[in-house]
Amino acid sequence: MKHPRGLMMLASAALVLLIASSPVLAKDAKTEPLYPNATRSEPKLDLKSAKDQKTLQEGLDAVAAQDFAKAEQLLQPLVDSSSKYAQSLALQGLANAKYTQKDLKGAISLLQRSLAIGVLPNDTYFQLQYELAQFQLADEQYQAAVDTLTKWRAEGKKETAQSYALEGNADYRLGKYPEAIAAINKAKTLTDKPDATWDQILMASYAETGQNDKAAQIAQTQMSANPDDPNALNNAASVLMQAHKYPEAIALLEKAHAAGNFKSESNYVSLAKLYLITGQESDDPTPNAIKAQQLLNEGISKGMVKSSAENYVLLGQSAEMANQTSNAIDAYQKAMPLAKDGEAALRAGRLQLSEGNFSQSKSLAQQAIDKGVTQTGTAYMILAESERGLKNKPAAIAAMQKAAQDPKTSAKANAWLKKAGAG
């Protein structure tokens, strides 16, 4: 599963909202403190210059409007020579400008400088500290993000669903799956509107810790709540497959297919693969192989399944398992010009050899060798058998001697050569 990134969204406009609620720039504002139980003492404010206040607000407005040249022109002088409070807020503004311009490290550095000055009121200070954790997560500084959140929670004495979700995201990326599970479950207890991405982290963490049943349960719950959501369907099917709950995954996908809810290539390919997996494990693989073949052909005809080498090879495997050799050869030959290697040609060559079509199998085996395959020895053995079928013994021996050089086919090839008197 891809790592969820939806927890890192930041809006530069939040800057202005944050500043506008500060005691200096909005003296008449009477709001409840956001961090009433914070252990940090409120510092004394030192922004007394009306001119600096005006410049500061204009600079922050420029950041919100993404006029970064103007923002730097207004805010940088405040950083260089002004009250510590104005410096802090100007640094915050410049940090958000850097973030919006995708300079994450620059944004983090400026935000850390803003916090280090130490003169911000608690509400502003802790909001910036939380923002720092978001920046660090966005910059893939996962442990730093966790450390910042731990400090924010300890000093600010505040617990929110979003903060635990952020922590769970970072823990997951660090490979701390039990910690990620604990954090996400804690987040879900603090809100009645959990974000869908939280369950993605939770499912992935359960799967990584071998708790496949719990992962599958979440996936099925998501699917039940959102039967028409293609993402929920893909997540549910993926987790069930990872948990080796193949019958449940097949039932889920078959129901969605019957309801006309197949919206992506992955839906068709996942169900086709499931049919092949379960077919291989059954006494008679033919029925499931035929289902896989029909499904892939349907997807290709609708334009939902791409005409790719991988998909044609899958189609060929389905036909081969259903004992439909000609259909399998046709699918593999369609894959060949699209493939980056010779694997499809090798598959087709093996089938042509089994049908006694020696000229075709010889040509396909040579194509496979020329284009490159992982089982080089096998390709040379097919070439050798094709040459033998064409009564070309010297060429057959030469090909089999090549197969003898591959450790995987060495024993069989040498036995063949010995029997042919060429050992």
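Every number here is computed from the coordinates shown, using simple stated rules; none is lab data. Fair warning: this is a prediction, and the values are worked out from it, not measured in the lab. All Cβ positions, glycine included, derive from the backbone under ideal geometry; neighbour counts span all protein chains shown.
Take ASP330 and PHE68, extend 7 Å from each Cα along the Cα→Cβ direction, and tell me the distance between the two endpoints in nm.
It is 5.6 nm.
How would GLU343, GLU355 line up from fewest to most surrounding beta-carbon atoms within 10 angstrom?
GLU355, GLU343
Taking the Cα-to-Cβ direction at ALA420 and at ARG113 and moving 7 Å from each Cα, how far apart do the two end points lie in nm?
7.6
Using the reciprocal of the averaged 1/r over all distinct C-alpha pairs, how large is the Kirkwood radius of the chain in Å?
For the chain, inverting the mean 1/r across all distinct Cα pairs yields 26.6 Å.
Which whole-number percentage describes the relative contact order of segment 360-423, with Cα contacts under 8 Å and a sequence gap of 6 or more?
Relative contact order of segment 360-423: 26 percent.
What is the fewest-to-most order of GLU140, GLU265 by other Cβ atoms lying within 10 Å of their Cβ?
Lowest to highest Cβ neighbour count: GLU140, GLU265.
Over the chain, with a Gaussian network built from C-alpha contacts below 10 Å, which listed residue (SER359, SER114, SER266) shows the highest mean-square fluctuation?
The residue that fluctuates most here is SER359.
Multiply the residue gap between HIS244 and SER308 by 0.36 nm, knock off their C-alpha separation, and tell me the result in nm, one decimal place.
Full extension from HIS244 to SER308 adds 20.4 nm.
Say each of ARG40 and LEU190 gets a label point 7 Å from the Cα, pointing the same way as Cα to Cβ; how far apart are those two points in nm?
1.7
Using only the Cα atoms of segment 84-226, what are the Rg and Dmax in Å?
Rg and Dmax of segment 84-226, Cα atoms, are 17.0, 55 Å.
Highest mean first, what order results for 84-93, 157-166 on Cβ atoms within 10 Å? Please report the intermediate quantities before stating the final value.
Details: 84-93: 25.8, 157-166: 18.2.
Answer by packing, highest mean first, reads 84-93, 157-166.
Between SER410 and LYS158, take the C-beta separation as r, use R0 = 41 Å, and let me know the FRET efficiency to the nearest 0.05.
For R0 = 41 Å, the calculated efficiency reads 0.05.
Along the charge dipole of segment 225-300, which of HIS257, GLY279, ASN234 sits closest to the positive end, that is, farthest toward it, with unit charges on the beta carbon of Lys, Arg, Asp and Glu (+1, +1, -1, -1)?
Positive-end residue among those listed: ASN234.
When N is the residue count of segment 181-263, what does its C-alpha Rg come to as a fraction of 2.2 N^0.38 Å?
That works out to 1.09 for segment 181-263.
Rounded to the nearest 500 deg cm²/dmol, what is the calculated helix-only ellipticity per residue at 222 nm for the chain, with -39500 (n - 2.57) per DSSP H run of length n ≥ 4?
-22000 deg cm²/dmol
Hey, with R₀ at 56 Å, roughly what FRET efficiency would GLN375 and LYS105 work out to, going by the Cβ-Cβ distance, to 0.05?
Details: r = 47 Å, r/R0 = 0.83.
Calculated value: 0.75.
Quick check on packing: order 400-412, 196-208 by the mean number of other C-beta atoms within 10 Å, highest mean leading.
196-208, 400-412
Quick one: SER224, SER264, fewest Cβ neighbours within 10 Å first, how do they rank?
Ordered by Cβ neighbours within 10 Å, fewest first: SER224, SER264.
Per the Kirkwood definition applied to all pairs of different Cα atoms, how many angstroms is the hydrodynamic radius of segment 159-210?
Averaging 1/r across every pair of different Cα atoms and inverting gives 10.3 Å.
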